[in-house]
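First comes the structure, then the notes that go with it.
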């Protein structure tokens, strides 16, 4: 990664995930925080003071129209992602959008079409895809270290606090599948693709079950089974009202792999444990990163913008990869009977 003129960023939103990216911008030599926008001007001002932002606005639109802003990070509730990504593209701003890119595949297609038409960079922000641990894991799979990949097990759960959290609201397209289930699904697709020499592989079938909260009307705990071309299977689980668990296990015809921290790998000594057939103990592969997790993501985006790329390169999320993941999320939600209010209103 090369360090040249910093990219001037605007951030839409001042919540937890916006704070993580703002801290990464402050860390990165490839970025500056030109502006932050919130519906509450004082909230934007506090955020700007804390993270060294140059400007604070009391609306999202003002950030997009600020001449100093080159790229925007969309850290808004899920149901607003597509709208503001398309608005940003229309004003020729490069876009890093927090996952999921949209509420469903139809919306995601519209966002990508807007970015393509405007000739701006667009990436869905799966930060783990930018970490060297993920690149190393893909290489281990491609090298056939555990033979033919047969089964992938991936879990991302955690326990939300107050019941009024926006992720527990159907109107905000919340729930575990959209918030954290997208991680296990995206990883399974990445591994299934690597096993066949591809950047990703879409499942041919997804079934699932979930506990839908009576008050929240979203999935608070969900599981899915996915089948991929060639017979590889995936067992996926996610939850936002249960104890925290981050796991990734991959079984092959000649061994298995455990990744202890698949979604939030550390900067130093990220571990991949490879147990080959006949070994008494696993081989421990240690991976170091050049920066913190979100700072790496910022660097990847900066490099792409400087080289004129409109989309990311694998294992980061390309447009086709995003569309495949959105289709999988649609299928998972359909399997558990989850529809969002915003989909009913728009018919999408």
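Tabulated results
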| quantity | calculated |
| --- | --- |
| Which listed residue is part of a helix (DSSP H, G or I), surrounded by fewer than 23 Cβ atoms within 10 Å (Cβ to Cβ) and in contact with a helix residue (DSSP H, G or I) (Cβ under 7 Å, 6 or more places away or on another chain), from 92, 116, 110 | 110 |
| Single residue of 337, 328 found to be crowded, with 16+ Cβ neighbours inside 10 Å and touching a residue at least 12 places away in the same chain (Cβ under 8 Å) | 328 |
| Filter result (assigned to a loop (DSSP other than H, G, I, E, B) and either surrounded by fewer than 21 Cβ atoms within 10 Å (Cβ to Cβ) or in contact with a strand residue (DSSP E or B) (Cβ under 9 Å, 6 or more places away or on another chain) (or both)) within the range 148-173 | 148, 160, 161, 162, 163, 164, 165 |
| Options 179, 145; residue that is closer than 24 Å to residue 16 by Cα and either in contact with a helix residue (DSSP H, G or I) (Cβ under 6 Å, 6 or more places away or on another chain) or not in a strand (DSSP E or B) (or both) | 179 |
| Subset tally (residues that are assigned to a strand (DSSP E or B) and touching a residue at least 40 places away in the same chain (Cβ under 8 Å)) for the range 182-212 | 6 |
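Residue-wise test of (1) touching a strand residue (DSSP E or B) at 6+ places or on another chain (Cβ under 7 Å); (2) within 19 Å of residue 302 (Cα to Cα); (3) crowded, with 16+ Cβ neighbours inside 10 Å.
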site	(1), (2), (3)
53	yes, yes, yes
57	yes, no, yes
73	yes, yes, yes
86	no, no, yes
97	yes, yes, yes
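Bear in mind these aren't lab numbers, they're just calculated from the coordinates by the rules spelled out. As the structure is a computational prediction, the values presented were derived from the model and not from experiment. Cβ atoms come from the backbone with ideal geometry, glycine included; neighbour counts cover every protein chain shown.
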